[in-house]
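Take a look at the structure set out below.
The values are calculated or read from the model by the stated rules, or taken from the named source; none is laboratory data. Since the model is a prediction, treat every value here as computed from it, not as a measurement. Cβ placement follows ideal geometry from the backbone for every residue including glycine, while neighbour counts extend to all protein chains displayed.
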Amino acid sequence: MSANFDFISKYYPTLGHETATLVAVSCFTANNKPELLSGLINKIIECQCVDMSATEPNSTEYLKKTQLLTLIEKARETIFKNVFTVGLPLVLVAIKELMNSLSPEIKSMLNNTRYLPE
């Protein structure tokens with residue numbers, strides 16, 4: 001489904017890019033619009049034009065890659081936190097759609113053990 005997500009950009013000056021994106025993720029989850037959720041994430045990935053193979057920690061491409069992965073992780077956490085307001089079924093549908101919209105390369109880079117002890 002192609003959708004125009006330009007309406008979210010009008011909130012960037014007041015909320016910031018990350019917060020506006022996470023609010024949109026939360027709203028799409030609550031309204032049971034997972035196809036819009038995957039479209040939004042894919043649009044962000046396309047607009048960032050990030051080289052996902054960047055490995056030099058001091059490069060700007062590596063910083064962009066880290067910021068993009070952090071945003072995707074925060075989007076995933078935002079969906080999970082909606083479980084108390086919208087229920088488990090909508091959260092599961094949204095998480096499934098989010099993970100299906102990501103490339104295997106990006107999925108492998110996501111931090112799956114953030115809260116586990118080392």
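Does segment 67-93 hold any residues that are surrounded by fewer than 17 Cβ atoms within 10 Å (Cβ to Cβ) and in a loop (DSSP other than H, G, I, E, B), and which are they?
Passing the criteria: only Gly87.
List every residue pair whose Cβ atoms lie under 6 Å apart, where the two residues are 6 or more positions apart in sequence or sit on different chains, the first residue falls within segment 5-22 and is free of Cβ contacts under 8 Å to residues at least 40 places away in the same chain and in a helix (DSSP H, G or I), and the second residue, located anywhere, is surrounded by 15 or more Cβ atoms within 10 Å (Cβ to Cβ) and β-branched (Val, Ile, Thr).
That search, which allows pairs on different chains as well, returns Ala20/Ile8.
Looking at Asn58, Asn32, which one is in a loop (DSSP other than H, G, I, E, B), over 13 Å from the mean Cα position of the chain (by Cα) and within 22 Å of Phe7 (Cβ to Cβ)?
One residue alone meets the criteria, Asn32.
Can you work out which of the residues in segment 66-102 that are farther than 16 Å from Thr29 by Cβ and without any contact (Cβ under 8 Å) to a residue 24 or more places away in the chain is nearest to the chain's Cα centre (by Cα)?
Per the stated criteria, the residue is Thr70.
Which one of these does Pro34 not meet: (1) out of contact with any Asp or Glu (no Cβ under 6 Å at 6 or more places or on another chain); (2) of a type outside the set (Val, Ile, Thr); (3) buried (at least 17 other Cβ atoms within 10 Å of the Cβ)?
Checking Pro34 against (1) out of contact with any Asp or Glu (no Cβ under 6 Å at 6 or more places or on another chain); (2) of a type outside the set (Val, Ile, Thr); (3) buried (at least 17 other Cβ atoms within 10 Å of the Cβ), the one that fails is (1).
Exactly one condition in (1) of a type outside the set (S, T, N, Q); (2) farther than 20 Å from Phe5 by Cβ; (3) surrounded by fewer than 15 Cβ atoms within 10 Å (Cβ to Cβ); (4) at pLDDT below 90 is not met by Glu46; state its number.
(2)
Could you tell me which residue of segment 50-60 is surrounded by the most Cβ atoms within 10 Å (Cβ to Cβ), considering only residues that are under 17 Å from Ser103 (Cβ atoms) and without any contact (Cβ under 8 Å) to a residue 12 or more places away in the chain?
This residue is Ala54.
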